[in-house]
Amino acid sequence: MGKLNVLHLHRMGDPQYRRESVRTLEYMIKEVATDINCLVHDTDLPFPEYLKEIDYHLIVLGPTFLCNRYYPTKLKKTLSKYRFIASSNACKIALPQDDYDCSSILDQWMVDWNIDLVYSVCPNNWDVLYPNYSQKGQIKLGYTGYISESWIRSWAKPKPRDDRRIDVSYRASNLPANFGSVGQLKGDIARRFTSSLPSNDLYLDISVDPQDMIPGNRWHNFLEDSKFCLVTPSGSSLLDPKGEFRKRVNNFCKKFPNATFEDIASECFPGEDKRFLFTAISPRNIEAALSETVQIATPGTYSGLMQPIEHFIPLEESCSNISSVLTMMRDKFLIRKISRDCKDAILAEPRLQTKNIVYEILSFAENTSTTRNIQETPQKQIEQLFERYYTHLEVLADSFWFKRRLIRTFLIKIKTSMNL
């Protein structure tokens, strides 16, 4: 077999605001396997018809592309625009995240497009998440983020703890109630931790304001400038198969913007919260471990890779053990040991490393392609098509995102003026 022809679809949004962990995941095949023909396409932009001429060996549906399932109109357009994938003989692999959100829609999508392998970030309940697909396709455990070689190199010797400016850092979003109590904790923990401190002698950089989000490599610099960071389990305690709870929550909150989570849960999904628990280790856990930023973490399984006291300082959800937390934070010997042991534990899991998961995916694709005897598009033709694509799309992308930013700036100004 010659070079593998790979198409990876994503929808990460404006390049200026992309999270580094998401970018690393969406580009991992292209950046690791430099000896293949890999095209990474942003589906916010048009997909040229001539790219359908290529005989792909592997088509990857990235996590941000699969987020189209949340929006009925966009999903309908996506299924129509990329319907050639359903009938393609290529090996097809999906990398979903938040499988529990619109799980039934995702399940049917995987069946309809004849996906060969799904990497689920949820370690259990696959029969609940994928009742139809699990009967015909393969499911393997994946992760919400992977460790690139560049991350390992850049954090080989992180900034010394005494030189770090921030004592405790945190960034998160106030998630809507349709992610259950696990999702609510992301916003609540910032307020609880800050208010539970007996004094203000710690320098905190804690925010859940969307305007304070830190994109790109700046996020890594922020973590490395933090001695400690808050973390909570990544995931949800609510299964929302068709997005119905999401709709109910949105409608209810429009009518009652000051409703508590308990009010929302009682009205929109009574008795459903914590019927299932979908949590996993997050990119933040991985990045903090590599940067040797000690995590102050609420209870969770963390994919079985992190244990309390050994790998993080345990913090009760109520922050009732704040005195114990502060005592451990002041124990320099303990902190050095936690930071070292946590980093070692994360690096010891081979399937967390980008190169290993990429080679696993490509090996599966090669075997599948050989079995199906996929014809190969001549290399010269591939190179010509790729050159045509990049020449055209580079100009188109710059124009597209420039217009989007102008619109975004205009809308922010309107919103600001309305609030004055």
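Quick look at the numbers
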item	result
Among TYR133, LEU117, SER103 the positive-end extreme of the charge dipole of segment 92-165 (Cβ point charges)	LEU117
Most mobile of THR260, THR293, THR194 in a GNM of the chain (Cα contacts under 10 Å)	THR260
Carbon plus sulfur fraction of accessible area for segment 1-160, probe 1.4 Å, in percent	49
Under 12 Å, Cβ to Cβ, from TRP155 - net charge with Lys/Arg +1 and Asp/Glu -1	0
From phi via Karplus (6.51, -1.76, 1.60), per-residue ³J(HN,Hα) for segment 381-388 in Hz, x at Gly/Pro	5, 4, 4, 5, 5, 5, 5, 4
Rounded Å value of the spacing that divides the Cα centres of segment 100-126 and segment 286-310	27
Of all accessible heavy-atom area on segment 279-392, the percent that carbon and sulfur account for (1.4 Å)	51
Taking all pairs of distinct alpha-carbon atoms in segment 134-173, Kirkwood radius in angstrom	14.6
Within segment 341-420: Cβ-based charge dipole about Cα centre, in debye rounded to nearest 20 (Lys, Arg +1; Asp, Glu -1)	740
Approximate spin-label separation SER154-ILE407, in nm, with each point projected 7 Å along Cα-to-Cβ	3.0
Compactness relative to 2.2 N^0.38 Å, alpha carbon Rg of segment 66-111	1.14
Net dipole in debye of segment 232-295 [+1 Lys, Arg Cβ; -1 Asp, Glu Cβ; about Cα centre; nearest 20]	300
Dimensions in Å of segment 22-122 - Rg and Dmax from alpha carbons	13.3, 38
Kirkwood-based Rg to Rh ratio, segment 161-240, C-alpha trace	1.01
From phi via Karplus (6.51, -1.76, 1.60), per-residue ³J(HN,Hα) for segment 94-109 in Hz, x at Gly/Pro	10, 10, x, 10, 6, 3, 6, 8, 6, 4, 5, 5, 5, 4, 5, 4
Local net charge near LEU326, Cβ-Cβ under 15 Å (Lys/Arg +1, Asp/Glu -1)	0
The chain: most fluctuating residue of PRO257, PRO215, PRO314 per GNM, C-alpha cutoff 10 Å	PRO257
For the chain, share of DSSP beta bridges that run antiparallel, in % to the nearest 5	10
For segment 226-375, Kirkwood radius (reciprocal of mean inverse C-alpha pair distance, Å)	18.6
Built amide H within the under 5 Å cut-off of LYS140, gap 5+	VAL118, TYR119, SER120
Accessible surface, per residue, of the chain when the full set of protein chains is kept, probe 1.4 Å, Å²	48
Charged-residue dipole, Cβ positions (Lys, Arg, Asp, Glu), the chain about Cα centre, Debye nearest 20	840
Full-extension gain in nm, LEU141 to ASP14, via 0.36 nm per residue minus C-alpha separation	42.8 nm
Size descriptor, Kirkwood hydrodynamic radius, that averages inverse alpha-carbon separations across segment 115-228, Å	17.6
Note, ³J(HN,Hα) from phi for segment 11-22, Karplus 6.51, -1.76, 1.60, rounded to Hz, x at Gly and Pro	8, 7, x, 3, x, 5, 10, 6, 6, 4, 5, 6
Signed unit charges on C-beta, dipole axis of the chain, positive-most listed residue PHE312, PRO378, THR78	THR78
Relative pair counts by distance (%), Cα atoms of segment 293-420, 5 Å bins	2, 8, 9, 8, 8, 7, 7, 10, 14, 13, 7, 4, 2, 0
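The values are calculated or read from the model by the stated rules, or taken from the named source; none is laboratory data. Just so we're clear, the structure is a prediction, and the values are computed from it rather than from any experiment. A quick note on method: Cβ atoms are made from the backbone with ideal geometry, for glycine too, and the neighbour counts reach across all protein chains shown. Heads up: the accessible areas ignore ligands, DNA and RNA and are worked out on the full protein's heavy atoms, side chains in. Shrake-Rupley method; radii C 1.70, N 1.55, O 1.52, S 1.80 Å.
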